[in-house]
Amino acid sequence: MKTKLFLLFLVVTMIAFGQIPSTISLKNVDEKMVSFSDYPTAKGFIVIFTCNHCPFAKLYPKRLNDLHEKYKELGVPLIAISSMDTISYEDDSYLKMIQKAKKEHYGFPYLYDPTQEVAKLFHAQKTPHAFVIWRNGDHFDIKYSGAIDDNGLHPNEVENPYLSMAVDELLQGKKVSIPETMTIGCQIYFRK
Amino acid sequence: MNIQKFLRKKRTPRIDGHLLLLILFSFGCAHSYAQKLPDWTDEIAVSKQGELDGQSIFITHYFATWCKPCMEELPVFDRLTKEHPTLVVKFVCLDLENTPKLCRSIHKLRLPGEVCYLAPTNEHITHISPTWDGTLPFTSIRFPGENTSIELSGKQTSQSLQQLLERHEN
């Protein structure tokens, strides 16, 4: 009991300081569990909260694949998570996630967060909502939270690729110059 | 062909043409397949409207047809405008693209106020309100004689808006 309480205290404290435990584990679309701890050499992760139904999320699959291809080689793979309430949005069911990942040729894990606990941990609000987390000992620190870039509609007209900018700065050992931006997309409604 | 027959033949299509034009103008984008929603201008912003009139309550409501809670909330404004005669509501639609199809679906909703279009970009959202985090629906209310607007993020209930209006009216 005491150990459980201590662990709970530890997790709550970590969350309060923007820290993400590496032990988080969710089911991927291939039915296998995926955890940050499965990537011992990763410097950090690009974590995208996304979903199937949202028109804004639908604008990004190609860009997500490109980001994953580019940054996994540099030790920063991309992981997508769907935390949508599947009761309100049938299109976001686990089965539909499998179909979506196949259709969009996702080269990265697309994880199902049925309890919405991971979204709460990150304070994810919308889809898509991007995060960059960076390894710090046995956990990860949130270094960037916000939009993927500043033009969802027209990828060729993006002026500020916020997410890539943050990852590039971190890879160069610099501080992230824009650590937070506004996200536009569909609200993640948390079940009570 | 005598003159009377000729005139009858010529006149009929002209009358039909006028009628058709009249119908097109009366029903807006419901029947004109090329028409789009008018674009948002600064004049729509509730802060500007508040300066024009000393009596009306101005609501600017931002929504999108892809946003489920937005669509659930829209009927609330029908009731509010019926119960509060001094209420003026303007709707700003933030769908991904301003198409004639969007215009027709908006027309079918029969919203109790003008509807315009604004592309959902970070720049536009910050321009409308620096404190708005982009959550939809978003409602901005300006009461007469007040310098600032009340901003409500997320879906509101008929009851909460009703209470807010009554509190200011009394």
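Please give me the summed charge of the neighbours of B:T139: other residues whose Cβ is under 10 Å from its Cβ, Lys and Arg +1, Asp and Glu -1.
Numbers: positive: B:K155; negative: B:E73, B:E151.
Net of charged neighbours comes to -1.
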Inset, instruction - Taking just the C-alpha trace of region A:20-187, give me its Rg and Dmax in Å. - result: 14.7, 43
Inset, instruction - State, to one decimal in nm, how far the label point of A:K62 lies from the label point of B:R79, with both points 7 Å from Cα in the Cβ direction. - result: 4.5 nm
Legend entry - Efficiency of FRET between A:T41 and A:E117 - r from beta-carbon atoms, R0 22 angstrom, step 0.05: 0.25
Legend entry - Residues in region A:94-109 reached by a label modelled at A:D30 [backbone nitrogen below 16 Å; 7 Å Cα→Cβ]: A:98-109
Legend entry - Partnerless Cys - chain A, beta-carbon criterion under 4.7 Å: A:C51
Inset, instruction - Under a cut-off of 13 Å between alpha-carbon atoms, report the aspartates and glutamates in cross-link reach of A:K192, not counting same-chain residues fewer than 8 places apart. - result: A:D85, A:E117
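Enter the mean number of other protein chain beta carbons within 10 Å of the beta carbon of each residue in A:180-192, as an integer.
Values: counts 0, 2, 7, 4, 11, 6, 7, 11, 0, 4, 0, 0, 0.
Mean number of neighbouring Cβ atoms from other chains: 4.
Using alpha-carbon pairs under 8 Å, 6+ residues apart, how would you state the relative contact order of region B:42-169 in percent?
Working: 197 pairs, mean separation 41.2, N = 128.
After rounding, I find 32 percent.
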Legend entry - Two-decimal Rg to Rh for region B:42-169 - Kirkwood Rh, Cα set: 0.93
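Convex hull over the Cα atoms of region A:77-144, averaged projected area in nm²? Could you put the intermediate results ahead of the total?
Values: hull surface 20.6 nm².
Value for region A:77-144: 5.1 nm².
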Inset, instruction - Considering Cα pairs under 8 angstrom that are at least six residues apart, work out the relative contact order of region A:20-187 and quote it in whole percent. - result: 26 percent
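Find how much the distance from A:Y189 to A:D141 grows on full extension, using 0.36 nm per residue of separation minus their present alpha carbon separation; answer in nm with one decimal. Present the calculation step by step, with values, prior to reporting the outcome.
Values: separation 48, 0.36 × 48 = 17.28 nm, distance 2.45 nm.
Difference between extended and current length: 14.8 nm.
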Inset, instruction - Between the alpha-carbon centers of region B:145-170 and region B:49-110, tell me the distance in whole angstrom. - result: 15 Å
Legend entry - Straight-distance crosslink candidates among aspartates and glutamates, where the alpha carbon sits under 20 Å from A:K103 and sequence neighbours closer than 8 are dropped: A:D30, A:E31, A:D66, A:E69, A:E90, A:D91, A:D92
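Taken together, the values in this text are just the output of simple stated rules run on the coordinates, not laboratory data. Because the structure is predicted, anything quoted here is derived from the model rather than measured. So basically every Cβ, Gly included, is an ideal-geometry build from the backbone, and we count neighbours across all protein chains shown.
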